[in-house]
Amino acid sequence: MSTPAELVFDYVIVGGGTAGCLLANRLSACGRYQVLLIESGGEGRHPWMHIPAGYLYCIDHARLDWRWRTAPQTGLHGRELLYPRGRALGGCTRTNGMIYMRGQSRDYAQWAQVTGDDSWSWQNVLPDFRAHEDHHAGRSDQHGAGGEWRVDKQRLHWALLDAVEAAAHQAGIPATADFNGGNNEGVGYFEVNQRRGWRWSAAQAFLQPARSRRNLVVWTRAQALRLQLGRAGDGRLRCEGVDVARGVGRSMAPGGRLQGEGHSVQSVRARREVILAAGSIGSAQLLQLSGIGPAQWLQAAGVPVNLDLPGVGANLQDHLQLRTVWRVAGVPTLNAQARSWRGRLGMLMDYALRRSGPLSMAPSQLGVFTRSRPEFVWPDVEFHVQPLSLSAFGQPLDAFDAFTASVCALNPSSRGTVRVVSPSAFEPPRISPDYLSTDEDRRVAVDALRLARRLVAQPALAAYRPQELKPGPEYSSDEQLLQAAGEVGTTIFHPVGTTRMGRSDDREAVVDARLRVQGVAGLRIADAGVMPTITSGNTASPVLMIAEKAARWILAD
């Protein structure tokens, strides 16, 4: 193992995913600063990372996914879940559902309250969403045009999904043409981050246009090992740089162990700041490996304590989806189309000639935001509806016609943890979302399953004779439905909150309102980990908003 000479940059960004790509673009744009972007994965050239339906083949792929697993979950009857995270330039935007979703204005009102900073209120995050948006309908009060982040309509409809939409209307849920105006209540087809039928990732949108800049350096297959810490003039800790393993393995072992044989260690210094953009799992892990985190956890893992910061790795939140599956008859589904060679050939021709058809599909096409109880003021559950069914992501489609209506609680009160188990960056951390660990979450889960049944029972779907396969009509009481929730529940891939922001006197806050790590100069975090509470919907575009705001503050500072 060799140790090359130390390199110096103005800004070092750890993580080439959703946030990291935007940060690299913005911080290098003026040409005055030398910027290094560090990414553990590869360039992201695998064909499945560009075709929308390819997400099915990217999840748990040894070269495209971190392949993490959760700890056994009590609320899920001891099951361990696959915990996918994209491992390539572009991060999860290479493998996610491509759904463009900002959340609700109340989410950001809560952030502003928690931080004491109105910069996080809805009216003050909206300009950051619009700054990089390229919306298919053009510029408006709500949307931007001409930015890097393309937002398109979906390129196909399904008669079955149209019937579900009609059923939602019959159940009292209004239609909506835009889920992103601050209150996403309603039913409609999701807008997606695609361009002309191709997946549109953060790497394509933000990093590719910046790669030709001489002041931007991008390292792939480079794993951050630990932060270099010293002392600032006021006696505080100061982040001076990062130790990086270069040439790490292309593939991940099952369970998320990084292959590191043959790498070299490179010491990199930052004149101005190190910015962590490695996501809710990776950024919390790196802080802990560097001795910043709950002292008791660090000592148990054999890591010397540099700063006892209790919030690092705490406050993990995720959307738990409850997958209900309904067998149908007399209507086309993707299950049927994918069963025959003629159907598969038609799908291929559709995509090759028109960039349309099932290969252009987002994983979920139809969305429903509604209230699990009528007395609620805001929608508290979200449905992702698909004209297909399968036993698990990555498994073959079922051999019969069916659709899936997955429902999740938008604002879970359960809180989990991410904690290192050894001083090695090559060992996966222990991830425990602690799903369904509160009475409130258990109640919403039961209500959500009843709501799914009420939706499917509407007259608009009667012609297709829906039969409940999962969880099954035998689950009827509250106790039985809670049992079912633990059996069918799985992650919807939205981990946030492990390095949350808050006021400077908040002992549990990891970063302040401007995303600077408490007690450490020269270190900032700009990824989903800083969210104090999860947004009411899919999380990719809120992460870009956070990065947009962070880049502006970094340059101003």
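Here, each number is a calculation from the coordinates, and none is a lab measurement. Just so it is clear, the model here is predicted, and its values are computed rather than measured. We place every Cβ from the backbone using ideal geometry, glycine too, and count neighbours over all the protein chains shown.
Kindly put 441, 162 in sequence by how many other C-beta atoms sit within 10 Å of each C-beta, fewest to most.
Fewest-to-most Cβ neighbours within 10 Å comes out as 162, 441.
Which value, in Å to one decimal place, does the Kirkwood hydrodynamic radius take for region 294-428 when every pair of different Cα atoms is included?
18.9 Å
What value in Å³ per residue do you get for the convex hull of the alpha-carbon atoms in region 5-45?
Expressed per residue, the convex hull around the Cα atoms of region 5-45 is 90 Å³.
Treat each spin label as a single point 7 Å out from the Cα along the C-beta direction, and report the residue 505 to residue 487 distance in nm.
With each label placed 7 Å out from Cα toward Cβ, I get 5.1 nm.
Give me D for region 224-303 in µm² s⁻¹, whole number, from Stokes-Einstein with Rh from the Kirkwood sum over alpha-carbon pairs, 4 °C and 1.567 mPa s.
Estimated diffusion coefficient is 92 µm²/s.
Note down, for region 466-505, the three equivalent ellipsoid semi-axes (square root of 5 times each alpha carbon gyration tensor eigenvalue), biggest first, whole angstrom.
Semi-axes (√(5λ), whole Å): 36, 13, 7.
Stokes-Einstein diffusion coefficient for region 1-137 at 10 °C in a medium of 1.306 mPa s, Rh from the Kirkwood formula over Cα pairs: what value in µm²/s?
The diffusion coefficient I find is 87 µm²/s.
Which residues does a label at residue 377 reach in region 103-123, if reach means a backbone N under 17 Å from a point 7 Å past the Cα toward the Cβ?
Residues passing the 17 Å test: 104-114, 121-123.
Given R₀ = 22 Å, FRET efficiency for residue 10-residue 231 by Cβ-Cβ distance, to 0.05?
0.60
Given H placed 1.01 Å from N in the peptide plane, which residues other than close sequence neighbours of residue 470 have an amide H under 5 Å from its amide H?
Those qualifying (amide H under 5 Å, at least 5 residues apart or on another chain) are 325.
What percent of all Cα-Cα pairs in region 427-557 falls in each 5 Å bin, counting up from 0?
All Cα pairs, binned at 5 Å, distribute as 2, 8, 14, 14, 13, 12, 10, 9, 7, 5, 4, 1, 0 percent.
Near the amide H of residue 44, under 5 Å away, which other amide H atoms are found, from residues 5 or more places off or on another chain, if H is placed in the peptide plane?
89
Determine which residues of region 359-390 fall in the zone a paramagnetic label at residue 443 would reach in this model, i.e. backbone nitrogen under 17 Å from the point 7 Å along Cα→Cβ.
Correct set: 371-381.
For region 31-80, what number results from the quotient of the Cα radius of gyration and 2.2 N^0.38 Å?
So region 31-80 has a normalised radius of gyration of 1.73.
At 25 °C and a viscosity of 0.890 mPa s, what translational diffusion coefficient does Stokes-Einstein give for the chain, taking Rh as the Kirkwood radius over Cα pairs? Give it in µm²/s as a whole number.
In µm²/s, the coefficient rounds to 103.
If you take the beta carbon distance between residue 424 and residue 74 as r and set R0 to 35 Å, what does 1/(1 + (r/R0)^6) give as a FRET efficiency, to the nearest 0.05?
0.80
Got a sec? Charge dipole of the chain, +1 on Cβ for Lys and Arg, -1 for Asp and Glu; which of 206, 547, 533 is way out at the positive end?
206
In the chain, which whole DSSP H runs stretch at least 20 Å along their own axis (Cα) and average 0.5 or higher on the Kyte-Doolittle scale?
Length and hydropathy pass: 540-556.
In terms of the Cα gyration tensor, with a ≥ b ≥ c the square roots of its eigenvalues, is region 79-148 rounded because a/c is under 1.5, prolate because a/b exceeds b/c, or oblate?
Oblate.
Could you tell me which trypsin sites (Lys or Arg not before Pro) in region 18-54 are loop residues by DSSP with no more than 11 other beta carbons within 10 angstrom of their beta carbon?
Passing both the DSSP loop test and the Cβ count: 32, 45.
If you stretched the chain out fully between residue 43 and residue 251, how much longer would it get, using 0.36 nm times the residue separation minus the C-alpha to C-alpha distance?
73.6 nm
How are the C-alpha pair distances of region 441-500 spread across 5 Å bins, as whole percents from the shortest bin up?
All Cα pairs considered, the percentages come to 4, 15, 23, 19, 15, 12, 6, 3, 2, 1.
Can you tell which of 112, 88, 122 lies farthest toward the positive end of the dipole of region 81-122, using +1 and -1 charges on the Cβ of basic and acidic side chains (Lys, Arg; Asp, Glu)?
88
Which one of 28, 143, 15 is farthest out on the positive end of the charge dipole of region 4-146, using unit charges on Cβ (Lys, Arg +1; Asp, Glu -1) and the Cα centre as origin?
So the residue furthest toward the plus end is 15.
Under a Cβ-only charge scheme (Lys and Arg +1, Asp and Glu -1), can you give me the dipole magnitude of region 161-250 about the Cα centre, in debye to the nearest 20?
About 1060 debye.
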